[in-house]
Amino acid sequence: MLLHREAQKTRLRRLVLSTVFIGCVSLLVATIGVMKWVSAQGQEHVAILQSMAMYTDVVATQSEIIIPDKFGEVEAEDPRETALFKKKVAAVKSFFKRYKAPLEAHAEDFVRAADSYGIDYRLLPAIAMIESSGGKFLFRPYNPFGWGRSGFPSFTAAIYDVARGMSRYYAGGLREPERIAYRYNPVTPESWGRKARTFMNQMPAL
């Protein structure tokens, strides 16, 4: 009888020890998993900030951004009066209006900036939709593009400054949104590139 009781106690102690051991191991595994997740989130955040710092300039002030009154003194006709320019402006207005986006009021700025810096007029409106729903949700004042880490003095200033920055992407051979994505948003480039292309395709390639 005594031997039987001792055997039961021994089995009980082993069961308790096994349960405690398994619990400790599970807690350790869970802790390691959480630590890895937190570390990954931190690395992702750092990657975003590093990308912004590496591929964008310090945001300029309103006075530092060149906003031309005309496209060229030697041109016989102001391009803003041409049918092509007006079609582009109408396309940008229609695009933003579809989403009830505040940037609809700046359609001409988008086209003027794009033409001035030699980039696709559809690119910045597409980026603005991805980053701020067309100016509805801004992470910094007057910054609908998620560009840099600061705000702008106005939407007009933002449009011209980012167009200037994108022209440098173009100069480096990055002209398509799928390629631009790897520098603009290196964390989720494929998704960002697809979204940009989808938005751009909602406006005619003029």
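How much length, in nm to one decimal, is gained on full extension between Leu206 and Thr188, taken as 0.36 nm per residue of separation minus their Cα-Cα distance? Numbers along the way, then the final one.
On the way: separation 18, 0.36 × 18 = 6.48 nm, distance 2.87 nm.
Length gained, Leu206 through Thr188: 3.6 nm.
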- line: Under 26 Å between C-alpha atoms, the lysine pairs in segment 59-200 lying 8 or more places apart or on different chains count 23
task: Sticking with the crude label model, points 7 Å out along Cα→Cβ, report the distance from Lys100 to Arg168 in nm, one decimal please.
output: 3.8 nm
Cα-projected label distance for Arg149 with Lys86, points at 7 Å along beta-carbon direction, nm: 4.6 nm
Loop trypsin sites (Lys or Arg not before Pro), segment 100-163 (other Cβ atoms within 10 Å of the site Cβ: 10 or fewer; DSSP): Lys100
- line: Expressed in angstrom and rounded, the centroid-to-centroid distance over alpha carbons for segment 164-180 and segment 87-157 is 17 Å
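Arranged by the count of other C-beta atoms within 10 angstrom, fewest first, what order do Lys97, Lys88 take?
On the way: Lys97 12, Lys88 23.
Result, fewest neighbours first: Lys97, Lys88.
Read-outs: derived from the displayed coordinates by stated rules, not from any lab. Since we're looking at a predicted model, the values are computed, not measured. So basically every Cβ, Gly included, is an ideal-geometry build from the backbone, and we count neighbours across all protein chains shown.
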